[in-house]
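The structure appears below as structure tokens.
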Amino acid sequence: MTATRASSPSLVVRRAHTAELSPAQAVEALAAELDPEASAVLLFCSGDYALDPLASAIARTFRAPVAACTSAGQVGAAGFERGGITAVSLTSSDLCMRPCLLSPLSLCQSQAASLAREQALRAAATPGLRSFGVLLVDGLSLWEEYLASALYEALGNVPVVGGSAGSRPGQARPAVYHEGKFLEGAAVLALFETQSLTFKTFASQHFEPSERKLVVTLADPDKRVVYELNGEPAGHAYAKAIGVPTSELGPRHFACNPLLLNLGAQLLPRAIRRQNPDASLTLACAIEEGLVVSIAKSPDPVRVLEQALAEIEHHVPDAGVLLVFDCVLRRIELEARGLDVQVGELLARKHAVGFSSYGEQVGPLHVNHTLTGVALGTQRGPS
């Protein structure tokens, strides 16, 4: 069991991690290290746990509002963590978190509109109230694009970041927690409200386009499947582009060589989740026919992350916590390149806590191979 504490005059942050296998003992161990008077608690849980007993233990243990989900790994005080539960408590007299359930996701547009009306009333009743949202969503739902877009359209000036709940092979299906239950096919939007605390949402990815171009010639965006690239089976064209036999394609090739969509102002990685028996490729994000993508390259992931963290610190100099949502394929890539310990330590020094996700949300976008998050502190940086 490890726990660390970072504090500022009006914000207290406690991070903790437990490897206890019993759901009840795991939650009890976390509660002993987190603030019993917390304004908010967030939990990122391995899929190794039986989720019904875990949900019951969470509900009876914490008085504070809780947002939680399953994960394919975590980020905490020890850097990249695997297994167990990673948690954080946030305590401030000027911080409120409201976990809002979005289910079924097919109704996300009307649900987002309802949340927006409620949020507008709360803002009108409290002058100076500012908000941001942390979105946790079932990472196998295939609804993330629609959900991110609906929330952005409805909430407007409320910035939203988040991650898609995941799990490792052989574990339970991804799920999100709300009021004593872990739910599949659902999302939770944790709305944070404050008048004086400073926050800044962010997104960072370290890939650049290469000269190796591919055209999406046959795809099903709703299923996130690319059937053809350059007019031939997608797996064959992709394998040829990265210089390996099609039969050898695997997670490390996909993690280190994602597709990259160049929109001019934005470079958007499109992570490949797997190759299918028909040589089509299942992606972690939707992609449409006719788009030109390149095989991405990443010269210096550590330098890019250091620059991103410096920019965050410029806006929030005394961040007590970075709530982060880091694509699991980024982690696989960093492990393949021997950089995971260095990057994990860098994130830990910045008080990061979060999880390895199946996809990330930032504003209206569902993205891959990206670190998204929000920095929370008390001091505003130079404008």
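Among the residues of the stretch 252-270, those that are in contact with a Lys or Arg (Cβ under 8 Å, 6 or more places away or on another chain) and part of a helix (DSSP H, G or I) comprise Phe254, Ala255, Cys256.
Figure legend. Inter-residue proximity from the stretch 265-283: first residues without any contact (Cβ under 8 Å) to a residue 60 or more places away in the chain, second residues charged (D, E, K, R), beta-carbon distance below 7 Å, spacing 6+ or different chains. Indicated pairs: Thr282/Arg224; Thr282/Arg273; Thr282/Arg274.
With respect to (1) closer than 21 Å to Leu34 by Cβ; (2) within 21 Å of the chain's Cα centre (by Cα), the lone exception for Cys100 is condition (1).
For the stretch 313-333, a residue qualifies if it is out of contact with any Ser or Thr (no Cβ under 8 Å at 6 or more places or on another chain), surrounded by 22 or more Cβ atoms within 10 Å (Cβ to Cβ) and more than 19 Å from Gly163 (Cα to Cα), and exactly one does: Ala319. The set of residues from the stretch 174-209 being among the hydroxyl-bearing types (Ser, Thr, Tyr) and either assigned by TED's automatic domain parsing to the domain that holds Pro258 or closer than 16 Å to Gly354 by Cα (or both) comprises Tyr177, Thr201, Ser204. Out of all the residues in the stretch 165-188, is one or more aromatic (Phe, Trp, Tyr), assigned to a loop (DSSP other than H, G, I, E, B) and buried (at least 16 other Cβ atoms within 10 Å of the Cβ)? Taking every residue of the stretch 165-188 in turn, none turns out to be aromatic (Phe, Trp, Tyr), assigned to a loop (DSSP other than H, G, I, E, B) and buried (at least 16 other Cβ atoms within 10 Å of the Cβ). Highlighted here are the strands (runs of 3 or more DSSP E) found entirely within the stretch 274-383 that include at least 3 residues which are closer than 20 Å to Phe192 by Cα, in contact with a Leu (Cβ under 8 Å, 6 or more places away or on another chain) and not polar (S, T, N, Q): 321-327, 352-357, 371-377. Restricting attention to the stretch 194-238 and to residues that are of a type in the set (D, E, K, R) and over 23 Å from Leu365 (Cβ atoms), the residue that is surrounded by the fewest Cβ atoms within 10 Å (Cβ to Cβ) turns out to be Glu211.
Taking the numbered list (1) assigned by TED's automatic domain parsing to the domain that holds Asp52; (2) free of Cβ contacts under 8 Å to residues at least 60 places away in the same chain; (3) surrounded by fewer than 20 Cβ atoms within 10 Å (Cβ to Cβ) in turn, Leu155 passes all entries but (3).
The values are calculated or read from the model by the stated rules, or taken from the named source; none is laboratory data. Remember, predicted model here, so these are calculated numbers, not experimental data. Cβ sites come from the backbone with ideal geometry, for glycine too, and all protein chains shown count toward neighbours.
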